[in-house]
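Down below is the structure, laid out as structure tokens.
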């Protein structure tokens with residue numbers, strides 16, 4: 001297949017995500033497979049750059065939560081088609097394992113889900129525990145998955161204050177695991193004060209921060 | 001107990017809400033569970049006892065000398081009365097655990113405008129309002145929380161879902177908003193009957209960090225405006241609170257017809273005042289987390305004075321927290337806000 005055609009399909013994948021055109025992403029994903037584009041390439045060079053652009057648009061306040069959720073739906077529609085075609089060694093070469101969730105007592109989901117998504121498409125193996133997650137659940141999931149990072153989100157100041165105890169509990173259970181925190185009421189200073197290893201302001205920052213704490217790249 | 005002039009808190013707040021300049025800037029931090037903490041009650045206890053809530057509110061307003069009392073912890077109570085199920089932690093704010101509208105076709109026809117005197121937790125909230133009014137009537141205003149229609153709708157449908165629905169099923173969102181609007185008019189007016197002097201309408205879903213101006217103007221503004229108009233007809237004042245950075249939609253927010261905008265700490269009060277002029281009362285906006293929880297009283301006092309200088313020197317200003325005051329906020333920091341309001345103009 002010629003390079004132009006390949007580029008065109010990758011472009012359609014990326015564009016479909018940015019314009020939250022689920023149908024276009026589905027068509028382009030199928031075409032990619034039909035025409036012999038490697039599934040990993042389609043994800044890494046097609047869907048992921050699209051979602052990166054979405055992250056930019058969100059940061060610049062051109063996109064807001066509804067738009068980002070629509071983009072994420074389009075992205076997931078593509079992943080659903082492409083993921084079964086990943087070769088086993090491709091799924092095994094993950095950058096790291098992350099267990100993520102919104103802290104107990106807090107049901108705010110959107111920011112946390114976006115972080116999980118961005119980590120996922122950036123090559124991390126992500127286990128998203130959802131919202132209202134207790135320390136025990138974080139720990140039991142961590143024991144099962146032997147995760148490298150436990151990432152905790154909070155959107156309310158009241159629940160944010162529990163993070164300190166969670167981090168202490170996590171470090172007591174396993175001093176080797178790294179912790180990351182995020183959410184609207186937090187700052188880098190508060191995160192440090194709580195004893196977290198990493199903090200990021202948004203989903204794109206979280207990917208950079210996860211790589212930093214694991215010393216990747 | 002104070003160095004105030006001759007005005008009561010009620011007069012002070014009403015003058016500010018009308019854009020005027022009272023004897024000093026009124027102070028109204030957004031306290032509810034914080035008050036419970038001061039008197040040793042847990043949130044879960046107050047959720048089943050109007051009496052405990054009323055006691056906490058009345059004790060704190062007397063002890064700390066700010067200028068208004070608030071209704072009982074009614075967050076999402078309207079959505080609960082229409083079928084959403086709340087989860088109430090032992091000592092934290094309630095949240096919605098199960099949403100009433102899972103499927104528009106199936107669940108919308110089942111929704112009923114709640115009877116505020118009968119359904120869910122609403123009668124207990126109204127009972128609390130009545131008692132606060134009996135205690136404070138005429139001297140300290142009673143402020144009652146209602147959800148803005150878009151917030152109410154999102155607590156009936158789920159935040160993530162309603163965000164997607166604004167693209168996928170905008171007409172169904174508007175059907176739901178019609179019901180939510182009717183519900184909030186009925187509930188808002190019931191609150192007035194129970195004794196509310198000021199309705200505090202809150203809409204975290206329309207946060208500048210969550211939706212675009214365009215989405216706000218399509219799904220927020222028209223419906224919120226209808227509730228504001230209906231409530232204001234009774235003579236009661238309305239404050240609109242929207243969380244997060246609303247700098248890009250300040251003018252649009254004033255088009256709801258509210259008496260005051262309660263601004264979160266991300267908005268620059270000086271900018272808001274300059275943009276909106278002196279015709280509207282502004283309220284805000286001390287950072288509840290970084291300042292109120294973590295800083296020392298002298299810093300809180302400084303930041304409070306700065307806020308007053310930015311937006312309050314010519315009247316039409318209420319000193320407040322940018323958003324809800326966390327229960328763990330040191331009591332001295334609330335005192336520092338009140339102190340700032342008493343001192344700033346004498347400097």
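A short reminder: the numbers here are calculations on the coordinates, not readings from a lab. It should be emphasised that the depicted structure is a prediction, and the values quoted were computed from it without experimental measurement. Heads up, the Cβs are rebuilt from the backbone with ideal geometry, glycines too, and the neighbour counts pull from every protein chain shown.
So how tilted is helix B:297-311 from the main axis of chain B? Cα-based, degrees 0 to 90, rounded to 10.
It is inclined by approximately 80 degrees.
Between the helical axis of B:50-64 and the dominant principal axis of chain B, each derived from Cα atoms, what acute angle in degrees is found, rounded to the nearest 10?
30
Run the numbers on chain A and let me know its relative contact order in percent, using alpha-carbon pairs under 8 Å that are six or more apart.
17
How crowded by other chains is A:58-69, given as the mean number of beta carbons from other chains within 10 Å of each beta carbon?
Averaged over the peptide's residues, the number is 5.
What percent antiparallel are the DSSP beta bridges of the protein assembly as shown, to the nearest 5?
Approximately 5 percent, going by the DSSP bridge assignments.
Modelling each spin label as a point 7 Å along the Cα-to-Cβ direction, I'd like the residue A:193/residue A:30 distance in nm, to one decimal.
Each label point lies 7 Å from its Cα, and together they span 5.5 nm.
What number, rounded to the nearest 500 deg cm²/dmol, is the helix-based mean residue ellipticity at 222 nm of the protein assembly as shown, given -39500 (n - 2.57) per DSSP H run of at least four residues and division by all its residues?
On the way: 26 runs with 276 residues, N = 564.
Calculated mean residue ellipticity at 222 nm is -14500 deg cm²/dmol.
Using only alpha-carbon positions, what ratio does the radius of gyration of region A:3-90 give when scaled by 2.2 N^0.38 Å?
Values: Rg = 12.5 Å, N = 88, 2.2 N^0.38 = 12.1 Å.
Dividing the Cα radius of gyration by 2.2 N^0.38 Å gives 1.03.
Counting pairs of alpha carbon atoms under 8 Å apart in space and at least six apart in sequence, what relative contact order in percent does chain B give?
Details: 712 pairs, mean separation 71.7, N = 347.
It comes to 21 percent, rounded to a whole number.
Quick one: if you stick a label point 7 Å off each Cα along the C-beta vector at residue B:168 and residue A:19, how many nm between them?
Taking the simple label geometry, residue B:168 and residue A:19 are separated by 2.1 nm.
Got a sec? Which residues in region B:266-290 would a label at residue B:313 touch, if it sits 7 Å along Cα→Cβ and we count backbone N under 16 Å?
B:269-275, B:277-278
Roughly speaking, what is the centre-to-centre gap between region B:44-84 and region B:221-281 when only Cα atoms are used, to the nearest Å?
For region B:44-84 versus region B:221-281, the Cα centre distance is 24 Å.
Tell me, in nm to one decimal, what length is gained between residue A:85 and residue A:208 on full extension, where the rule is 0.36 nm per residue of separation less the Cα-Cα distance?
On the way: separation 123, 0.36 × 123 = 44.28 nm, distance 2.71 nm.
This chain segment gains 41.6 nm when fully extended.
Using the 10 angstrom Cβ neighbour count as an exposure proxy, how do B:150, B:10 rank, fewest first?
Least crowded to most crowded, the residues run B:10, B:150.
Looking only at Cα atoms, what is the convex hull volume of chain B per residue, in Å³? Display every interim value, and only then the final one.
Working: hull volume 39.7 nm³, N = 347.
Convex hull of Cα atoms, per residue: 114 Å³.
Using alpha carbons only, how many angstrom separate the centre of region B:185-212 from the centre of region A:109-172?
33
Give, in nm to one decimal, the length gained when the segment between residue B:160 and residue B:49 is fully stretched (0.36 nm per residue of separation minus the Cα-Cα distance). Please report the intermediate quantities before stating the final value.
Working: separation 111, 0.36 × 111 = 39.96 nm, distance 3.21 nm.
36.8 nm is the gain from fully extending residue B:160 to residue B:49.
With everything on Cα atoms, drop me the angle between helix B:122-136 and the longest principal axis of chain B, reported from 0 to 90° to the nearest 10.
On a 0 to 90 degree scale, this one is about 20.
How many angstrom lie between the Cα centre of region A:44-79 and the Cα centre of region A:8-27?
When both Cα centres are located, 11 Å separates them.
If packing is taken as the average count of other Cβ atoms within 10 Å, what order do A:120-129, B:64-73, B:193-202 fall into, highest mean first?
Highest to lowest by the protection proxy: B:64-73, B:193-202, A:120-129.
Starting from the Cα of residue A:53, step 7 Å along the direction of its Cβ; do the same at residue B:87; then give the gap between the two resulting points in nm.
Spacing of the two 7 Å Cα→Cβ label points: 3.7 nm.
Over the whole of B:157-164, what's the average partner chain Cβ count within 10 Å per residue? Rounded to a whole number, please.
Mean partner-chain Cβ count within 10 Å for B:157-164: 4.
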